[in-house]
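Since the structure comes first, as structure tokens, the remarks are kept for the end.
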Amino acid sequence: METIKIRYFTDKIDRLCYVGGKSDWIDLRAAEDVELKAGEYRAIPLGVAMKLPAGYEAHVVPRSSTFKNFGVIQTNSMGVIDESYCGDHDQWYFPAYALRDTVIHVNDRICQFRIMRHQPVLAFQEVEVMADEDRGGLGSTGIR
């Protein structure tokens, strides 16, 4: 089991916990009340800083209910936080863009994360022919 050092910036959010058996994604919460009008952007503080193990990075994505509940999307689709972002003031944020007027309250679960090992070192070999069968292009597997 890996141990991750965590600093909380507020006592207003529930402490992180790993819930085994359901999902290995861990929910993150808004650390303050946020009101957004449609078309507004805000980096919502998540109230935590972490020191990830060497060789790991965190992938931060919206929860499946985030858009339904709050009408926001994550502006960068997926956030990547590497292990060097671990200082005392390196608080994690959720970059939110509102598609409708919304209010997010402190302690609302708005996103989730998991940690992943870094990609291995890769080498690219240039070729003239791939020598495999074409799939048919973008979106070629159909809709059913």
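The values are calculated or read from the model by the stated rules, or taken from the named source; none is laboratory data. Treat the numbers as computed from the prediction; the structure is a model and nothing was measured. Counting neighbours? That spans all protein chains shown, and the Cβs are built from the backbone with ideal geometry, glycine included. Heads up: the accessible areas ignore ligands, DNA and RNA and are worked out on the full protein's heavy atoms, side chains in. Shrake-Rupley method; radii C 1.70, N 1.55, O 1.52, S 1.80 Å.
So here's what we get for this one:
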read-out: Failed item in (1) in a strand (DSSP E or B); (2) within 19 Å of the chain's Cα centre (by Cα); (3) under 22 Å from T66 (Cβ atoms), with D14 passing the rest; value: (1)
read-out: Any chance G87 is over 27 Å from Y8 (Cβ atoms) and either hydroxyl-bearing (S, T, Y) or surrounded by fewer than 19 Cβ atoms within 10 Å (Cβ to Cβ) (or both); value: no
read-out: Those residues of the range 110-140 which are closer than 30 Å to G71 by Cβ and either open to solvent by 100 Å² or more (accessible area, probe 1.4 Å) or assigned to a loop (DSSP other than H, G, I, E, B) (or both), in sequence order; value: L138, G139
read-out: Residue in the range 71-90 that is farthest from D108 (Cα to Cα), counting only those that are among the acidic types (D, E) and assigned to a loop (DSSP other than H, G, I, E, B); value: E83
read-out: Subset of the range 1-22 (residues that are open to solvent by less than 80 Å² (accessible area, probe 1.4 Å) and touching a residue at least 12 places away in the same chain (Cβ under 8 Å)); value: I4, I6, Y8, F9, T10, I13, D14, L16
read-out: Residue ID - modelled with the lowest pLDDT, chosen from residues in the range 26-58 that are farther than 17 Å from N107 by Cα, open to solvent by 50 Å² or more (accessible area, probe 1.4 Å) and assigned to a loop (DSSP other than H, G, I, E, B); value: A54
read-out: Flag if V61 is β-branched (V, I, T), touching a strand residue (DSSP E or B) at 6+ places or on another chain (Cβ under 7 Å) and at pLDDT 95 or above; value: yes
read-out: All positions within the range 91-109 that are among the basic types (K, R) and either assigned to a loop (DSSP other than H, G, I, E, B) or on the phi > 0 side of the Ramachandran plot (or both); value: R100
read-out: Total residues in the range 74-89, condition of a type outside the set (F, W, Y) and more than 15 Å from L28 (Cα to Cα); value: 10
